[in-house]
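For reference, the structure is listed below as structure tokens.
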Amino acid sequence: MPPYLARVSLLCVFSLARLAAAEAPPATGVWTSLTNPKGDKDFRLDRLPALFVPAGTPASPWLAPGPFTATWNGAFQLKERSRLSFSFSGRGSAKLTIGEKVVWEKSGDDLASLGESEMTRLNAGSQPFTLTYTAPATGDAQFRLYWKERAAFPRESVPPTAFAPGDAPAPEVTDRLLAREGRRLFGEHHCSKCHQPDKAFEPGSLPELTQDAPHLLAPGDRYQKEWLAAWLLDPAALKPSARMGQLLHNLPKEDASKAAADIAAFLSTQSIPGFLQAPPAASGPEALALGAHLFGTLGCIGCHTLPSDATPDPEGRRVPLAHVSEKWKDGALAAFLLNPARFHAWTRMPDFGFKPAEAAALAAWLQSESAKAPRPAPASPLPAGDAAKGRELVKSLNCAACHPGAEAPEKNPAPTLATIFKSDWTAKGCAAPADKAGKAPLMHINETDRAALAAFAKAGPASLLRDTAAEFAERQVKTLQCNVCHNRDAGFSLLDGLSPSAAHLIDEKRIVSHVDQSRPQLTYIGEMLQPAYLATVLAGQPDGSTARVRPWLASRMPKFVSRAAALARGLTTQHGVNPAEPAPKPGSDPALATVGQQLAAKDGFSCVTCHAVGKDAAVAAFEVEGVNLSLAKTRLREEYYKRWMWDPARITPATKMTRFTPTEGASSRPELNADIQAQYQALWEWMLK
């Protein structure tokens, strides 16, 4: 394994689908129940007891907008005996009970101003608690829970890793978790595209309902005819995680093959001269070496199997690449890598901001390697296709329901949304087992997914009309597989166990291998970054380029433009932070900023040793490099900055960042009367200049 990989810290994230099926208990989180004055109820698993619900929006898809009460049940997980005080921030009413004791109870429009509880002694281990929050009658609802141990750390929001959900949930909670997973599957499989509502979904509905499948503009310029036919016959055979079902499964085998050939023939005729805009083709050992290196360093192995490996990965649901050479026409793969969202705005494929030469090199390597993958001989050759018949099939099968660019039938052949919610989804239709699917598409879902969809059907369609930013973000973290590259809460990145299989592809000479290559964790991302900056990280710079906050990393943060704003908003609200929170104003105390500059200097805390400042490079970033400090004023929230400075290893145990906070007594620096908190404020004022 290359040396830099050995220093990358990674994690596994709990699967909500498995939780819904009660297959495995979650490691962290709290059970949440929500109610409103009308008697509506909802249950879910939250990462932590925090929320921000803008006025006029729902706290849950199963609750109408308006006042609500949230009750979180779980346990604090303490490594050692502690003396803690607790406090709140936000607006509304809240009560924290630990064991049988009410520890803190307050109400008001500014909970943070109402002080903190007395110190409570808690033993090591699991300490059960109940936290109840009631939103104000009008305005935004906002809540965060804080704790403090004077000897160890100042007031901070209780970290997600400190919570455990405790005992298994009651049956009604399990049923709702299962229905919530079914709702996610319903949205991501585009079910409402065929089963349409009586009127269009309005803003605020489940966002996935408006997402389209790939556009069918000029497929003949992109895909090979034989691959198109194979995909139409059985998408899951080529891609185990495919959301598209088998449309021809109810036909006899020969008829299905002929129909697939006809559709493929028609799609292959759809071409626009000069449309592809592919970069110049790459060839030769140097290009192939660059392509292999990119595959290895960007963590592609986390979401894909090696292109030379035809073995499926149904458990990991990684997308196989063994058919790349059969799928793409010349130049089309490189064009796709340059802009994955061009024909599919909601694609799960990350945009790494490749340069044309990089896209061409990676495409060349993928096609070269996939040609080496073993393939079984086809059962029968592809029959000749009739493009005219294929056009009529595309229309009659209602491909236009999901795919823009296709011709729609005069009448939608599928039953309406209201109709299907009156039926038994396990008895017939798309969600039923194969022998009961009938003429409906045969969806490749397992029994866990089928049970979740059935639970959602039983719960009814009302929740489709509402969604929350926090829940959208949690679904997208799962959909985009953020846990492949990033640590989050109590898990490890999946890439840790997979990267050795791609280590041989990496060229160490192309990497700044002496600098730590650890990727940032996601545990605190919503309270760490300013909301507007977080959206920029996810979408790239305004000019479309990808931000490289850590340019020394061999890996890259890709962009997900279509999701960026909503995902940033949701990650922020998960921590109870207002996504409309204004950015900090420029420093207002020049004298204090001058002290901060002195503290940052090499003869102060020596921040400039590892951190660049504007165009001034770090003085000596030998083993670790830090983010450019000039970015702090647009990047960090002040609250998080001070939490980090107090004890960096408390947030990221493997960090190389020095702790300057003295264990006891005064700061090692004399400035500002050796008051470490005042010194941290001075550094902040300097960075805001």
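The values are calculated or read from the model by the stated rules, or taken from the named source; none is laboratory data. The model shown is predicted, which means the values in this text are computed figures rather than measured ones. Here the Cβ is made from the backbone with ideal geometry for all residues, glycine too, and neighbour counts use every protein chain on show. With ligands, DNA and RNA removed, areas are computed over all heavy atoms of the protein, side chains included. Shrake-Rupley method; radii C 1.70, N 1.55, O 1.52, S 1.80 Å.
Residue-by-condition table, conditions (1) closer than 13 Å to A457 by Cα; (2) at pLDDT 95 or above; (3) in contact with a Lys or Arg (Cβ under 6 Å, 6 or more places away or on another chain):
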site	(1), (2), (3)
V173	no, no, no
L185	yes, yes, no
C191	yes, yes, no
A200	no, no, no
P203	no, no, no
P207	no, yes, no
Output for the stretch 290-312, where each listed residue is part of a loop (DSSP other than H, G, I, E, B), touching a residue at least 24 places away in the same chain (Cβ under 8 Å) and open to solvent by 30 Å² or more (accessible area, probe 1.4 Å)
C303, L306, S308, D309, A310, P312
Does T634 count as among the polar types (S, T, N, Q), without any contact (Cβ under 8 Å) to a residue 12 or more places away in the chain and more than 21 Å from Q598 (Cβ to Cβ)?
no
Does the stretch 44-52 include one or more residues that are within 22 Å of the chain's Cα centre (by Cα), farther than 14 Å from A135 by Cβ and part of a loop (DSSP other than H, G, I, E, B)?
yes
Scanning the stretch 78-90 for residues that are open to solvent by less than 80 Å² (accessible area, probe 1.4 Å) and either more than 18 Å from T134 (Cα to Cα) or aromatic (F, W, Y) (or both) gives L78, S82, L84, S85, F86, F88
Is it true that A287 is open to solvent by less than 40 Å² (accessible area, probe 1.4 Å), in contact (Cβ under 8 Å) with a residue 24 or more places away in the chain, farther than 19 Å from A357 by Cβ and of a type outside the set (K, R)?
no
Starting from the stretch 568-597, keep only residues that are open to solvent by 30 Å² or more (accessible area, probe 1.4 Å), then list their pairs with residues that are in a helix (DSSP H, G or I) and basic (K, R) whose Cβ atoms are within a distance under 6 Å, requiring at least 6 positions of separation or different chains.
P579/R569
Is it fair to say K101 is modelled with pLDDT of 95 or more, of a type outside the set (S, T, N, Q) and at negative phi?
yes
Return yes when G405 is at positive phi and either open to solvent by less than 70 Å² (accessible area, probe 1.4 Å) or modelled with pLDDT of 95 or more (or both) and no when it is not.
yes
Does the stretch 520-548 hold any residues that are at pLDDT 90 or above, assigned to a loop (DSSP other than H, G, I, E, B) and open to solvent by 30 Å² or more (accessible area, probe 1.4 Å), and which are they?
P520, Q521, L522
Heads up, the helices (runs of 4 or more DSSP H) in the stretch 319-402 (entirely inside) with at least 1 residues that are open to solvent by 20 Å² or more (accessible area, probe 1.4 Å) and among the charged types (D, E, K, R) are 324-327, 356-370, 387-396
Quick check on my filter: what residues within the stretch 608-639 are under 29 Å from the mean Cα position of the chain (by Cα) and not aliphatic (A, V, I, L, M)?
H611, E625, G626, N628, S630, K633, T634, R635, R637, E638, E639
